[in-house]
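In what follows, a single structure is set out as structure tokens and then discussed.
The values are calculated or read from the model by the stated rules, or taken from the named source; none is laboratory data. This structure is a prediction, so every number in the text was calculated from the model and none was measured. All Cβ positions, even for glycine, are placed from backbone atoms using ideal geometry, and neighbour counts span all protein chains on display. Keep in mind that these areas ignore ligands, DNA and RNA; they rest on the heavy atoms of the full protein, side chains included. Shrake-Rupley method; radii C 1.70, N 1.55, O 1.52, S 1.80 Å.
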There are 2 protein chains.
Amino acid sequence: MTHESDPAEAVAERGPIGQVATPATDGTFLDVEIDERDAVGYVAVGGGLDADLRYLTRFRGPEDRYAYVHTGGERVLCPPADCVARARRQFDGRIATARPADHPGERAAAVLDSAREADPASDDRAPTVLVPPTIPHDAAIYLERAGYELRSTTAVGEARTTKTDAEIEAIQSVQRAAERGVRRGERILAAAESGAADELLWKGRPLTAERLRREVNAELARGGVSDAGNTSVAVGSTVVTGATGVAGSSDVSEAITGNAPRADGVAHRDESVVVDVAPRGPSGYHGRLSRTFVVDSDGGWERRAYVASEAALDAALGEIEPGAAVADVGREATAELAAFGFGPTSGGNTDSDSDPTEIVHGVGLSRRERPRAQSGATLESGGILAVSPSVTDGDHGQVRLSELIVVTDEGYERIGGGERAFTPRE
Amino acid sequence: MTHESDPAEAVAERGPIGQVATPATDGTFLDVEIDERDAVGYVAVGGGLDADLRYLTRFRGPEDRYAYVHTGGERVLCPPADCVARARRQFDGRIATARPADHPGERAAAVLDSAREADPASDDRAPTVLVPPTIPHDAAIYLERAGYELRSTTAVGEARTTKTDAEIEAIQSVQRAAERGVRRGERILAAAESGAADELLWKGRPLTAERLRREVNAELARGGVSDAGNTSVAVGSTVVTGATGVAGSSDVSEAITGNAPRADGVAHRDESVVVDVAPRGPSGYHGRLSRTFVVDSDGGWERRAYVASEAALDAALGEIEPGAAVADVGREATAELAAFGFGPTSGGNTDSDSDPTEIVHGVGLSRRERPRAQSGATLESGGILAVSPSVTDGDHGQVRLSELIVVTDEGYERIGGGERAFTPRE
């Protein structure tokens, strides 16, 4: 079966009308890496959700695996046989077609072989090919059997750390939708009324964490982004997420603390409500925003935790500049929380484990990506970071405030307005 | 850093209140496979989106990688260090903790080593470990260096093919939300009015494919499921998806056929509008539904294509029974379309490539999974299939109708109501 005559090809020639320019890399950094490591090329194999492949190809692959080969300055995509027309529309390098049954590792080896045959300078030594350390084992075996020696490279993950202007714009666009989603949650809380036993009512019914989560996600959808299963809403010590591994339309909750969650998940006045989103836009890039609101606060633990979290967030932001260690930015937040008498909790959306270093991490095609504290990374201009200090208490619940920023030569710039409110505004 | 004293542990002991039972496998089939292949265990390594790992562990992992080890009848999870408390809540086997920097492959090898040390029957021969063929190469190298011989197994993917009652319920639940989402699109189309040049107006503004897509996704969110970037809406020969790799909040469109898409993406009367969703529920399981509507049809190509697609869908469904070849079910649809004078197009959501065999494929933790036609698979009772014949024409656009079914001993049962309407209903 050939796709050469596919009618969609005619469109690929001039580019689909109405298609916005996409953040793209020409992969020049791979030419440098290949040259420095004395290799003949780079190969990656993965599915449609592989962030490195998405970065290199802009091809929104299917769940079936495909291969990308970078050799001799040429960029070659080996898409699944049933996605060739789409690959041509989305990828600006060469497309290598194949029989449906051919393994992507086998196809990558064939592309490398062709490039070597065409190169009179190639010698008989076992040629080195750079691969991500996580390349599927079966693909690696195909390459090794074809006579290539594999060496791992993290060059792609490192290149992804520094965003281009187009990537920053893509993230800004997702973040605008994230702000609208969180704002929707805030407005619902502002409109909620206190009922019996301090329960919040919205539109005459108890306002559960799950109801709030669904309304926030609906607003994300209206903004053109996917919640990606990353939205979590915590009311007091009960949190609901799109990721708790539970099916069904009934409310889903688990405890974020030592106390059992209330089975009904209903929000109360004078109780912290955390709305935490990390949506994914059609570009594949993520946003990240978390805000905490308290309806009709009596000014107790929630207020103190909020003030401490704000101070921690601002202290962490104040550390951000090129050259600063990611871990130090997180530690600054932790120290500030400690000065207010609070222990730290994780920056993760769906996790109650304590890992203060993850208060700060990169955001891009992956929800969490480099730079990360564990690897001892330092900040560089163009990096995009989520900074998310939070405080958790077994009796009271959680407070979390996050900001998304881009590192600049002078320090950082916020992505989005950065508005915060303790008392939800209409 | 230890997580043993994490306050959430107390909850794990009795199970979080309010948490619905989750579809779970005890992995007994792995004991059989390990025994038959004379191996000492099974190891899988991957990230939070790995469907096999999700199936085996019910652990909604983070984007960081983790390992699952099945050895000596014991199920062991090696989660990232900052997710131990969550792993304990979600996984019902043993949790192996570690230092944050330890590689999941190294940790898996340590678990296997411990099991062998404890087993007096183990001998000095290089022990065999079963792995998925796609295990990350770096993890495979850790296992090999620890003295294990790797053999690949597809036992997990095969086990996933046949759904348990709990899995079928999870998919039914997602499919109900999918139906509400498509129904929302139908109602908007029913409420739309014809404006100048036959353009459809909704709430006084032109109804674009992107507007319709966002409204459908908002309804999916209200139903508690994520659109997962899989929703596509086609109006005439223009399709918008959440997956076209384009950033920005502006409308995104590409041609599904040889003709260029209209830049504005506005729907018209007497034009086919395809709404195609494949949402993912909080359980990780997917639904799938596509419907085609025509507002104020003049009964031309669209009507003929719709009648042919209905006949093709019904013909394909008529072939479904245990033992039938997946490819034959697709071929039945193709033959029926041909009898009406139409060529086939793919069953994929976002693809205009022709692959008639993919009119039928399995649905579960992956949007497309076994059984698939390419591998010569046959149907078994308990399999869940999407059947999605479609017709595409360069001048007119597309018609697609899909059904989600479960294979039974007697044939099949629809998942969801299976309602269809050519003219959108209020």
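Brief remarks on what is shown
- Buried on complex formation within segment A:135-160 (loss of at least 50 square angstrom of accessible surface versus the isolated chain, 1.4 Å probe, ligands and nucleic acids ignored): A:137.
- Ordering A:206, B:338, A:118 by Cα displacement along the dipole of the protein assembly as shown toward the positive end leaves A:206 in first place; charges were set at the Cβ atoms of Lys, Arg (+1) and Asp, Glu (-1).
- Chains A and B together, accessible area buried on both sides, 1.4 angstrom probe, square angstrom: 7100
- Per residue, the accessible area of segment A:24-159 comes to 40 Å² when a 1.4 Å probe rolls over the protein heavy atoms.
- Computed magnitude of the charge dipole of segment A:24-159 (debye, nearest 20; Cβ of K, R +1, Cβ of D, E -1): 620
- Summed residue charge, Cβ within 13 Å of residue B:162's Cβ, Lys/Arg positive, Asp/Glu negative: -3
- Accessible surface, segment B:165-414, averaged per residue in Å² (probe 1.4 Å): 29
- Counting only protein chain heavy atoms and rolling a 1.4 Å probe, the accessible areas of B:82, A:102 rank, largest first, as A:102, B:82.
- Global geometry of the protein assembly as shown, whether rounded, prolate or oblate, following the gyration tensor of its Cα atoms and the 1.5 cut on a/c: rounded
- Burial of 30 Å² or greater, segment A:54-70 residues [accessible area, probe 1.4 Å, versus chain by itself]: A:60, A:63, A:64
- Note on residue B:338 and residue B:194: with the Förster distance fixed at 35 Å, the Cβ-Cβ geometry gives a FRET efficiency of about 0.55.
- By a 1.4 Å probe calculation restricted to protein chains, residue B:25 has an accessible surface near 20 Å², given to the nearest 10.
- Rounded Å value of the spacing that divides the Cα centres of segment B:143-206 and segment A:68-129: 32
- Residue range of chain A that is longest and free of trypsin sites (Lys or Arg not before Pro) which are both DSSP loop and sparsely packed (at most 15 other C-beta within 10 Å): A:204-419
- Rounded to the nearest 20, the Cβ-based charge dipole of the protein assembly as shown about its Cα centre (Lys and Arg +1, Asp and Glu -1) stands at 1840 debye.
- Heavy-atom accessible area order for A:340, A:59, B:342, B:29, largest first, 1.4 Å probe: A:340, B:29, B:342, A:59
- Here residue B:203 yields copy-to-copy label distances, from shortest upward, of 1.4 nm, the label point defined as 7 Å from Cα along Cα to C-beta.
- With K and R counted +1 and D and E -1, the other residues having a Cβ less than 10 Å from that of residue A:329 yield a net charge of -3.
- Copy-to-copy label separations for residue A:97, where each label sits 7 Å from Cα toward Cβ, in nm and ascending: 5.7
- Label-point distances for residue B:123 to the equivalent site in the other copies, using a point 7 angstrom along Cα→C-beta, read 4.6 nm when ranked shortest first.
- Stokes-Einstein D in µm²/s, Kirkwood radius over Cα pairs - chain A at 4 °C with 1.567 mPa s viscosity: 56
- For segment A:71-94, a decrease in accessible area of 50 Å² or greater in the assembled protein chains relative to the isolated chain, with a 1.4 Å probe, applies to A:82, A:86, A:89.
- Potential extension, residue B:414-residue B:149 segment - 0.36 nm per residue separation minus Cα distance: 91.0 nm
- With the charge dipole of segment A:78-209 set up from +1 on Lys and Arg Cβ and -1 on Asp and Glu Cβ about the Cα centre, the Cα lying farthest toward the positive end among the listed residues A:87, A:155, A:104 is that of A:87.
- Nonpolar atom fraction for segment B:24-159, defined as the carbon and sulfur part of the 1.4 Å probe accessible area, stands at 45 percent.
- In this structure residue A:306 has an accessible area near 10 Å², from a 1.4 Å probe over the protein heavy atoms.
- Cross-link partners of residue A:203 among aspartates and glutamates, defined as those whose alpha carbon lies under 14 angstrom from its own and excluding same-chain residues fewer than eight positions apart: A:193, A:215.
- Using a probe of 1.4 Å on the protein chains alone, the accessible area found for residue A:321 is around 100 Å².
- Computed over chain A, the per-residue total of -39500 (n - 2.57) for DSSP H runs of n ≥ 4 gives a 222 nm mean residue ellipticity of -9500 deg cm²/dmol, rounded to 500.
- Among residues other than residue B:378 with Cβ under 15 Å from its Cβ, the summed charge is -4 (Lys and Arg +1, Asp and Glu -1).
- With all protein chains in place and ligands, DNA and RNA left out, the 1.4 Å accessible area ranks B:328, B:276 as B:328, B:276, largest first.
- Rounded to the nearest 20 debye, dipole of segment B:156-224 from Cβ charges on Lys, Arg, Asp, Glu: 280
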